[in-house]
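In what follows, a single structure is set out as structure tokens and then discussed.
The values are calculated or read from the model by the stated rules, or taken from the named source; none is laboratory data. Keep in mind that this is a model prediction, so the values were computed, not measured. Note: ideal-geometry Cβ built from the backbone for every residue, glycine included; neighbour counts use all protein chains shown. Accessible surface is based on the protein model in full, side chains and every heavy atom, while ligands, DNA and RNA are left aside. Shrake-Rupley method; radii C 1.70, N 1.55, O 1.52, S 1.80 Å.
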Amino acid sequence: MTIALPARRERRLRFDMTKPVLYGFAAVLCVLIVLPLSWLFIYSLTDQKGALTFANFYRLFTESSFYDPLATTFILATTSALICCAVAAPMGWLVARTDLPFAGTVRALVTASFVTPPFLGAIAWELLAAPNSGLLNQIFRAVTGAEQDEHLFNIYTLPGLIFVISCYTFPYVFTLVANGLDRTPGELEDASSVLGASHWYTARRVTIPLVLPALLAGGLVAFLQAMTLFGSPAILALPAGFHTMTTKIWSLFQFPPKPELAAAASLPLLMLTVILLRAEHMILGRRGYSIVGGKYGAPRLIPLERWRWPAFSICIAVLTLPVFLPYAALLNAAFSPIATTFVTFQNATLHNVQFVLFELSSASLALKNTVILGTAAATIGTVIALVISYVTARQAVTGWRVLGFLATAPIAIPGIVLGVGLFLSYTRPPFVLYGTLWILMIAFVTIALPSAFQQLQAAMRTIHPELEDASRILGATRLRSLWQITAPLLRTGVIATWCFIFVGVMRELSAAIILFTSETKVLSVLIYDLNESGDLGAISVIGIGMLIITFSVVIAVNKIPGFGTVRFRT
Amino acid sequence: MAFSRRDVLKGSTAFAVGTIFASPLRAAVPPPDPITPALIEAAKKEGKVVFYTAMDLQFAEHLGKAFEQKFPGISVRVERSGAERVFQRVGQEYKSNIHAVDVVNTADQSHVIVWKREGWLAPYLPEEVAKYYDKKYYDPDGLALTTRVLVSAFGINTNLLKMEDAPKSFAELLDPKWKGKMVKAHPAYSGTIMNATFEIARELGWGYFEKLAKQNVLQVQSATDVPKRIALGERAIMIDGASYLVIRGKESGQPVDVIYPSEGTPVATSPSVVMIGAPSPSAARLFQNWMHAREGQQMLVDYARQYSPHSQTVEKPGVRKLADIKLMDEDPEGVEKGAEEVKRRYSEYFKV
């Protein structure tokens with residue numbers, strides 16, 4: 001009889017499921033990401049008969065129909081990123097660090113432009129700034145008495161496209177900068193003030209250098225967003241007679257499909273992203289910014305004094321472009337007899353509303369699919385991101401670095417490229433998922449994973465491991481302490497991530513356009529179809545409905561009892 | 001999408017049953033089918049029809065709703081896209097063994113050639129088609145029926161351009177004064193435009209498009225979008241597109257009008273087919289039958305302002321008779337072989 005026996009039995013009873021569960025997640029992640037990428041590589045190096053060739057790449061760099069879009073995309077992404085930084089960084093600073101009036105309203109409006117799907121924004125800007133029929137140009141001609149063909153704006157141009165893309169990309173930069181500033185402690189600035197520096201000097205020498213990493217990250221995200229968007233270029237660039245890489249790749253799938261060329265065409269985008277991410281890592285990797293802690297005081301707000309109201313006016317003026325004007329144009333089109341005729345009491349019509357509600361037979365299925373996918377992808381994506389961010393933050397299993405890399409890797413894959421990869425992977429055994437909602441869900445989760453992961457990882461880092469250690473010392477397994485200690489502490493981060501993925505599904509078009517079937521159509525694809533046939537009234541009604549749904553879900557989730565209100569973190 | 005030869009082979013094997021079934025019938029004309037109570041009963045049990053079409057959305061939904069009223073208990077879901085996209089969609093789904101669609105209507109006869117070759121079509125010949133349709137408007141096997149005849153004339157916005165000043169021929173469109181004033185649709189999206197482009201290139205040569213592309217033309221996708229752009233006043237001249245929508249717009253008070261170009265007006269007939277893997281085979285046949293019978297066809301004339309192949313339909317004044325228009329010749333075999341070249345040349349000149 002020994003006393004060791006019962007102890008051993010007890011240990012067996014409390015077998016730690018952590019490792020199997022975590023390795024399980026790792027395996028799922030590998031399949032999700034490695035499978036489609038492998039098929040892309042294989043296809044890019046084969047010809048139509050399946051033989052090894054470099055001809056696809058040769059064509060890519062020798063035919064102007066390929067390298068022109070590549071150059072266009074580069075110009076587009078760089079310019080958009082610069083504009084986003086130039087506009088969003090001062091705004092983020094104003095909101096987070098000054099006594100700007102109605103700062104909360106400004107934040108809410110930025111969220112509104114983030115929630116607006118870029119393709120919907122692009123269509124709204126068509127209504128506003130098409131050279132002849134655009135509402136703004138009509139007003140311009142009415143006011144100045146200009147000739148029939150004169151116009152103030154032409155949205156069907158490269159600058160027009162850059163403008164519209166910036167409108168719906170700048171929230172990424174804004175949120176990163178504003179959140180970065182929110183988290184920066186006031187002590188450093190206090191120290192500077194105590195030593196006699198003015199507010200402005202402190203801002204220039206202390207605050208701005210502190211927020212630089214967030215700005216850099218924001219600029220990078222904006223670049224990648226602009227580079228990988230499909231909807232806006234398809235809506236604005238094609239009428240203007242030029243391609244970007246994404247629309248070019250999409251055109252390669254038209255009958256007869258040329259997946260090998262598309263795969264090759266997508267690799268430069270992939271490479272460029274990887275290089276940029278490495279560069280960011282190198283720049284930031286050397287600097288340490290330990291700015292999170294509970295003991296620091298709230299940041300000191302800089303009084304703007306007589307600049308308060310001008311600054312506020314500028315913010316509102318900027319936000320008119322992605323929010324007020326487009327929403328007004330959509331509302332006008334929804335009740336107008338012809339989309340760009342100004343609604344009056346005489347001509348207002350419910351025809352479009354009636355058409356969408358009672359005649360448009362594909363709308364209800366698309367709505368159902370979108371809601372199912374939004375909810376499921378948000379839930380599954382959040383769980384996966386939570387587990388991975390935990391593993392990497394606590395270095396819980398060997399190979400955690402790989403897991404973190406895999407979760408970040410999809411950021412380098414444009415949605416349309418991922419769509420192609422998934423299509424190649426899941427139309428053949430062992431996983432025949434094409435034609436089901438599953439393939440779309442995989443796409444949406446994969447696309448959302450990098451930001452969800454980074455969001456939760458950032459939140460995870462703010463929680464000191466000592467709380468978990470206490471729980472584990474008292475006998476809980478890793479999984480149990482994750483579930484009972486860490487997750488509740490993270491709940492605002494978790495809710496924000498959930499909302500982020502849900503909104504992402506609403507915004508997503510580029511992978512869906514490759515992966516849908518008539519049974520698995522989503523609202524974004526429906527809107528895209530309607531745009532191609534010029535049914536702008538119906539689009540406006542659906543678009544407004546879509547915005548209402550998204551806002552309601554985001555607000556409702558934030559109102560769940562027991563959870564605090566959260567702001568978007570991107 | 002990505003299909004290796006093996007995939008095609010797999011696809012063909014999957015539908016071998018259909019092909020075997022279809023081939024012997026190719027010699028003999030199937031007996032024409034009336035709408036029988038038994039067919040209606042079976043269709044009601046299935047309860048729904050999925051209809052992929054290239055028709056203008058408003059009309060397609062109108063047609064669907066009329067069918068639902070006539071046969072309560074059967075719902076019609078319309079999936080509208082450009083004919084070339086519909087073609088891509090059907091191919092992508094059938095080669096992945098997804099059979100979601102019952103009836104397909106495209107605006108490009110060459111698609112039928114491909115689908116027949118693949119053995120994807122079910123033979124079905126409605127009674128009224130055999131009785132009242134000219135032989136050129138249906139396949140003797142009953143695999144495909146012409147639903148409507150589409151012409152792609154010019155259109156103008158009469159607020160922006162007076163009829164007497166408007167261009168009356170393709171040649172005039174090259175005049176520098178029209179630069180930046182024209183809009184056209186895309187042959188890789190629209191079947192009407194695929195046929196129109198093929199016909200114009202055959203009559204006037206590809207050099208014509210090379211010059212036209214330098215006129216700063218607004219490029220939209222669908223043939224149904226072009227008439228809406230001139231109605232908005234976004235451009236003054238529609239080079240190609242669905243003429244029936246211009247006529248409908250004019251009749252509803254929009255400032256638009258049609259011009260039939262002097263070199264000839266491009267034409268495309270629009271076929272409908274019942275798919276071999278239709279999930280609701282009876283409802284599919286009932287819909288196909290009804291759409292091509294007098295009721296559906298008269299709606300095509302009255303509501304959609306299109307040309308019906310049904311000899312018993314009554315014309316409604318306001319549309320120029322087909323016989324009075326100088327038409328270009330439609331050539332489905334030519335389009336089937338030449339579609340790739342059309343797309344390649346087009347994107348070479350117009351950059352998209």
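Per-residue answers, yes or no, for (1) acidic (D, E); (2) touching a residue at least 60 places away in the same chain (Cβ under 8 Å); (3) more than 9 Å from chain A (Cβ to nearest Cβ):
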position	(1), (2), (3)
B:F71	no, yes, yes
B:R77	no, no, no
B:R85	no, yes, no
B:K95	no, yes, no
B:V101	no, yes, no
B:S110	no, yes, yes
B:G119	no, yes, yes
B:E127	yes, yes, yes
B:D134	yes, yes, yes
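Of everything in segment B:260-271 that is of a type outside the set (S, T, N, Q) and in a loop (DSSP other than H, G, I, E, B), the residue that is surrounded by the most Cβ atoms within 10 Å (Cβ to Cβ) is B:P266. Meeting the requirement of 1 or more residues that are over 26 Å from B:S152 (Cα atoms), the strands (runs of 3 or more DSSP E) wholly within segment B:24-128 are B:48-53, B:75-80. Scanning segment A:433-477 for residues that are within 14 Å of chain B (Cβ to nearest Cβ), farther than 23 Å from A:L270 by Cβ and in a helix (DSSP H, G or I) yields A:L437, A:W438. Selection of segment A:138-149 for residues being part of a helix (DSSP H, G or I) and more than 10 Å from chain B (Cβ to nearest Cβ) yields A:I139, A:F140, A:R141, A:A142, A:V143, A:T144. Does A:Q354 qualify as being in a helix (DSSP H, G or I) and within 14 Å of chain B (Cβ to nearest Cβ)? Yes; evaluated as a whole, the condition is true for this residue. Taking (1) open to solvent by 10 Å² or more (accessible area, probe 1.4 Å); (2) farther than 29 Å from B:D331 by Cβ in turn, B:I74 satisfies each apart from (1). Remark: pairs (first residue in segment B:193-207, closer than 8 Å to B:M328 by Cβ; second residue among the β-branched types (V, I, T); Cβ separation under 8 Å; 6+ apart in sequence or on different chains) = B:E199/B:V267. Among the residues of segment A:385-412, the one identified as among the hydrophobic types (A, V, I, L, M, F, W, C), surrounded by fewer than 22 Cβ atoms within 10 Å (Cβ to Cβ) and closer than 13 Å to A:Q455 by Cα is A:A393.
Quick one: would you say B:S262 is within 14 Å of another protein chain (Cβ to nearest Cβ), within 30 Å of B:F170 (Cα to Cα) and polar (S, T, N, Q)? So B:S262 fails the test.
Output the helices (runs of 4 or more DSSP H) that fall wholly within segment A:172-233 and possess 3 or more residues being more than 22 Å from A:T111 (Cα to Cα) and among the acidic types (D, E), or say none.
In segment A:172-233, A:187-194 are the helices (runs of 4 or more DSSP H) which contain 3 or more residues that are more than 22 Å from A:T111 (Cα to Cα) and among the acidic types (D, E).
Of all the listed residues (A:I542, A:I485, A:I495, A:I548), the sole one being over 19 Å from B:Q88 (Cα atoms), hydrophobic (A, V, I, L, M, F, W, C) and without any contact (Cβ under 8 Å) to a residue 12 or more places away in the chain is A:I548.
Would you confirm, using the coordinates I've provided, whether A:T462 is out of contact with any strand residue (DSSP E or B) (no Cβ under 9 Å at 6 or more places or on another chain), over 30 Å from A:T517 (Cβ atoms) and surrounded by fewer than 17 Cβ atoms within 10 Å (Cβ to Cβ)?
Considered against the rule, which asks whether it is out of contact with any strand residue (DSSP E or B) (no Cβ under 9 Å at 6 or more places or on another chain), over 30 Å from A:T517 (Cβ atoms) and surrounded by fewer than 17 Cβ atoms within 10 Å (Cβ to Cβ), A:T462 comes out as yes.
Going by the structure shown, is A:F119 open to solvent by 20 Å² or more (accessible area, probe 1.4 Å), assigned to a helix (DSSP H, G or I) and either within 14 Å of chain B (Cβ to nearest Cβ) or among the aromatic types (F, W, Y) (or both)? Taking the combined requirement at face value, the residue does not satisfy it. Remark: pairs (first residue in segment A:322-340, away from chain B (no Cβ under 14 Å); second residue of a type in the set (S, T, N, Q); Cβ separation under 6 Å; 6+ apart in sequence or on different chains) = A:P322/A:S113; A:V323/A:S113; A:L330/A:S540; A:A334/A:N352; A:A334/A:S540. Checked against the criterion of being hydroxyl-bearing (S, T, Y), at pLDDT below 85, more than 30 Å from A:F170 (Cβ to Cβ) and surrounded by fewer than 14 Cβ atoms within 10 Å (Cβ to Cβ), the candidates A:T18, A:T2 yield just one match: A:T2.
The numbered conditions (1) under 27 Å from A:K258 (Cβ atoms); (2) open to solvent by less than 40 Å² (accessible area, probe 1.4 Å); (3) away from chain B (no Cβ under 14 Å) are all true for A:P430 except (2).
For every residue, the table says whether it meets (1) closer than 22 Å to B:V50 by Cα; (2) assigned by TED's automatic domain parsing to the domain that holds B:E203; (3) not in a helix (DSSP H, G or I).
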residue	(1), (2), (3)
B:L245	no, yes, no
B:G253	no, yes, yes
B:V273	yes, no, yes
B:G277	yes, no, yes
B:R285	yes, no, no
B:M299	yes, no, no
B:A304	yes, no, yes
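Scanning segment B:219-233 for residues that are outside any helix (DSSP H, G or I), surrounded by 24 or more Cβ atoms within 10 Å (Cβ to Cβ) and at the interface with chain A (Cβ under 8 Å from one of its Cβ atoms) yields B:V220, B:Q221, B:S222, B:T224. Looking at the structure I just gave you, is A:R480 open to solvent by 20 Å² or more (accessible area, probe 1.4 Å), over 29 Å from A:N179 (Cβ atoms) and away from chain B (no Cβ under 14 Å)? When the stated conditions are applied, A:R480 passes them. Checked against the criterion of being in contact (Cβ under 8 Å) with a residue 40 or more places away in the chain, more than 9 Å from chain A (Cβ to nearest Cβ), open to solvent by less than 10 Å² (accessible area, probe 1.4 Å) and not hydrophobic (A, V, I, L, M, F, W, C), segment B:247-259 has no qualifying residue. Among the residues of segment A:43-72, which ones are open to solvent by 70 Å² or more (accessible area, probe 1.4 Å) and touching a residue at least 24 places away in the same chain (Cβ under 8 Å)? Residues satisfying the conditions are A:Q48, A:R59, A:D68.
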